[in-house]
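The values are calculated or read from the model by the stated rules, or taken from the named source; none is laboratory data. Note that the coordinates shown come from a computational prediction; the quantities given were computed from them, not determined experimentally. Ideal geometry is used to build each Cβ from the backbone, glycine not excepted, and the neighbour counts take in all protein chains shown.
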Amino acid sequence: MKNSILFGLILFLLGGSMLVSLALGRYEIHLDTLWQLLVWKLLGIGSAPHDVAMLSNIVFDIRLPRILAVVLVGAALSVSGGTFQAMFVNPLVSPGILGVLAGASFGAALGIMVCEEWIGVQFFAFLFGFVAVILALGVAKIYGSGGSKMILLVLGGVVSSALFSALLSVVKFVADPYNKLPAIVYWLMGSFSAVDMKMVTQVALPLALSTLILSLMGKYLNVLSLGDDEAKALGVRVAWVRNSAILLATLLSTLTVVVAGMIGWVGLIIPHIARFLVGANNRVLLPMCTLLGATFLVIVDTLCRTSLSIEIPIGIATSLIGIPIFVLALRNAKKGFA
Amino acid sequence: MSFYSANNLHFSYNDKAILKGIDLHIAQGSIVSLLGPNGTGKSTLMKLFLGLLKPRSGEVILKNKRLESYSVKERALHVSYVPQSTHVAFAFCALDIVLMGRIAFESWFQKARLLDIQKAREAMERLGILHLEKRTFQTLSGGEKQLVLIARSLAQGAKILVMDEPVSGLDYGNQLRLLETILSLSKEGYTFLKSTHFPEHALMLGGYTYALKEGYVLAHGLTCKTITQELINELYNTDIVLKETVCGYPVCIPKFVKTKQ
């Protein structure tokens with residue numbers, strides 16, 4: 001009961017912040033006008049507002065795709081962070097634990113260096129995100145007969161992250177310092193400014209679907225947290241659940257890099273806030289992560305777009321806002337997952 | 001006609017032979033106690049019976065079919081596992097833990113149905129622990145935790161319970177209450193395979209006993225016939241006397257204890 005009210009509240013907050021975000025920007029639209037436009041365009045009720053062509057252009061062609069991307073990316077990062085925290089039974093784990101973010105960043109940087117086309121950059125980011133995770137799983141597999149698989153996975157992730165961070169430095173070092181290097185650095189700070197409707201339609205389905213599936217997998221992650229033997233004895237196909245969770249979280253993380261570059265901290269702090277609100281039961285926690293992550297990133301992205309005359313890279317903003325929140329969350333982490 | 005049995009089971013960890021040809025037969029509705037010193041392969045044998053480990057050779061038969069031919073889910077509907085203790089990292093309440101026993105009945109992405117919640121609460125009520133349902137699992141006492149785990153097995157619907165040293169870590173009163181629970185469940189048709197460190201506990205429950213030593217079955221049969229002074233002394237390298245009390249109930253008395261006579 002308490003949880004339903006909480007979910008309603010966050011959903012309302014998400015809707016509200018999306019609306020406000022549509023209205024705010026270099027050209028501010030009054031909320032009444034925005035409402036009139038939305039109702040007229042989407043429901044065909046009422047009359048068109050003044051200057052409808054320009055307003056439609058701003059709202060539907062420029063701001064809406066970006067906001068949709070922000071919602072999807074925020075939800076994706078948080079739910080994969082929450083999933084990994086549940087799977088590794090460790091509150092300090094983030095979506096990058098298996099090296100996916102390091103791999104995807106390297107891929108993107110490599111793409112910027114060798115390709116002229118944006119699609120090439122996306123392709124390389126996607127490819128190396130998966131390569132990095134496969135490497136981590138491979139390292140874990142070499143020594144992974146019996147014993148504690150999770151520790152080996154973490155160490156595999158450390159190896160893979162370190163390797164791709166080093167490779168990223170290599171790319172930065174050899175990249176043309178006048179054309180390519182600034183583009184790489186800017187990309188690594190994360191930004192939604194390059195998002196358009198075409199990109200959103202390409203990534204929306206896999207992002208939304210994987211996010212949905214992961215947020216409903218909580219009950220299996222609950223059982224997995226008891227240990228492999230107990231989970232198997234309860235009738236859960238442990239390896240299958242774990243592999244699908246890793247696959248989906250990897251897909252989500254790489255896609256967020258493809259859309260918006262590196263956005264840190266969201267996948268780490270949002271699960272903490274969600275846990276503070278609804279407790280550690282993953283059945284409830286993961287859906288809450290999804291909603292909360294989307295809401296948080298919409299608010300942060302709106303601040304990035306509107307607070308200064310130039311746009312602040314969102315990766316910087318999430319770090320600056322995330323660190324103090326995380327320090328507060330650590331107070332709870334000391335008690336474990338209680 | 002094999003309800004639940006192991007035929008010539010061999011198992012080794014990294015070339016170290018743990019089990020060297022175990023034959024073990026469990027009849028429906030019986031209680032089978034595994035006795036043996038530490039490191040003799042009791043837990044390994046139970047994991048083989050649960051299908052959590054694969055034997056190097058030999059086979060486990062469940063209801064006339066090889067255990068391996070069951071899917072993980074099917075197996076969970078027949079056999080459940082009550083671990084010695086469970087490490088619960090998250091702050092689950094007792095009902096959440098019992099509800100996990102229903103996971104084999106839920107399909108992917110389905111919310112817990114009212115039926116599952118009802119079954120879970122029924123199982124808790126049966127063991128007299130329904131009042132604990134909202135309590136956080138970690139805050140329960142050892143005895144309460146064991147009962148919650150047994151309730152999970154009941155909710156799972158499996159009629160065979162494999163228990164790894166169910167009474168270890170419990171105080172005397174809780175040990176006795178747990179043994180009584182096992183006995184009354186076995187009268188309702190539940191089958192038990194359990195390991196124990198206490199020959200007395202096997203004697204209290206009756207049923208059958210298998211004594212394991214160094215990977216072999218040293219002795220087996222009806223508990224009251226199998227557990228003898230000689231067996232205990234050989235099994236544990238002890239010096240005890242098995243005596244019958246006035247009412248004919250056997251007790252183990254170590255030699256170092258001074259008795260009147």
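Brief remarks on what is shown
- Residues of segment A:158-175 classified as touching a residue at least 24 places away in the same chain (Cβ under 8 Å) and surrounded by fewer than 12 Cβ atoms within 10 Å (Cβ to Cβ), total: 1
- Matching residues, segment A:122-139, being without any contact (Cβ under 8 Å) to a residue 60 or more places away in the chain and either buried (at least 23 other Cβ atoms within 10 Å of the Cβ) or within 25 Å of A:Leu155 (Cα to Cα) (or both): A:Phe124, A:Leu127, A:Phe128, A:Val131, A:Ala132, A:Ile134, A:Leu135, A:Ala136, A:Gly138, A:Val139
- Residue match in segment B:238-254 (condition: in a strand (DSSP E or B) and either acidic (Asp, Glu) or within 14 Å of chain A (Cβ to nearest Cβ) (or both)): yes
- Among the residues of segment B:50-73, those that are touching a strand residue (DSSP E or B) at 6+ places or on another chain (Cβ under 6 Å) and not small (Gly, Ala, Ser) comprise B:Leu50, B:Pro55, B:Arg56, B:Glu59, B:Val60, B:Ile61, B:Leu62, B:Arg66, B:Leu67.
- Odd one out for A:Gln202 among (1) within 20 Å of the chain's Cα centre (by Cα); (2) surrounded by 18 or more Cβ atoms within 10 Å (Cβ to Cβ): (2)
- Scanning segment A:230-265 for residues that are closer than 21 Å to A:Leu320 by Cβ and outside any helix (DSSP H, G or I) turns up A:Gly261, A:Met262, A:Ile263, A:Gly264, A:Trp265.
- Subset tally (residues that are touching a Lys or Arg at 6+ places or on another chain (Cβ under 9 Å) and either part of a helix (DSSP H, G or I) or on the phi < 0 side of the Ramachandran plot (or both)) for segment B:34-55: 9
- Verdict on A:Ile142 being hydrophobic (A, V, I, L, M, F, W, C) and more than 30 Å from B:Ala158 (Cα to Cα): yes
- The residues in segment A:111-142 that are more than 18 Å from A:Thr256 (Cβ to Cβ) and out of contact with any Leu (no Cβ under 6 Å at 6 or more places or on another chain) can be counted, and the count is 13.
- Yes/no for B:Glu234 being among the charged types (D, E, K, R), surrounded by fewer than 16 Cβ atoms within 10 Å (Cβ to Cβ) and within 23 Å of B:Asn7 (Cβ to Cβ): no
- Looking only at residues in segment B:173-229 that are touching a helix residue (DSSP H, G or I) at 6+ places or on another chain (Cβ under 9 Å) and among the β-branched types (Val, Ile, Thr), the one that is surrounded by the fewest Cβ atoms within 10 Å (Cβ to Cβ) is B:Thr181.
- Residues in segment A:205-236 that are surrounded by 24 or more Cβ atoms within 10 Å (Cβ to Cβ) and away from chain B (no Cβ under 14 Å): A:Leu207 alone.
- The combined condition, being without any contact (Cβ under 8 Å) to a residue 60 or more places away in the chain, away from every other protein chain (no Cβ under 14 Å) and closer than 30 Å to A:His272 by Cβ, is not fulfilled by A:Ile142.
Conditions tested, residue by residue: (1) among the hydrophobic types (A, V, I, L, M, F, W, C); (2) over 21 Å from A:Gly190 (Cβ atoms); (3) at pLDDT 90 or above.
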{"site": "A:Val121", "(1), (2), (3)": "yes, no, no"}
{"site": "A:Phe124", "(1), (2), (3)": "yes, no, yes"}
{"site": "A:Gly138", "(1), (2), (3)": "no, yes, yes"}
{"site": "A:Ile142", "(1), (2), (3)": "yes, yes, no"}
{"site": "A:Ser148", "(1), (2), (3)": "no, yes, no"}
{"site": "A:Val159", "(1), (2), (3)": "yes, yes, yes"}
{"site": "A:Phe164", "(1), (2), (3)": "yes, no, yes"}
{"site": "A:Ser169", "(1), (2), (3)": "no, no, yes"}
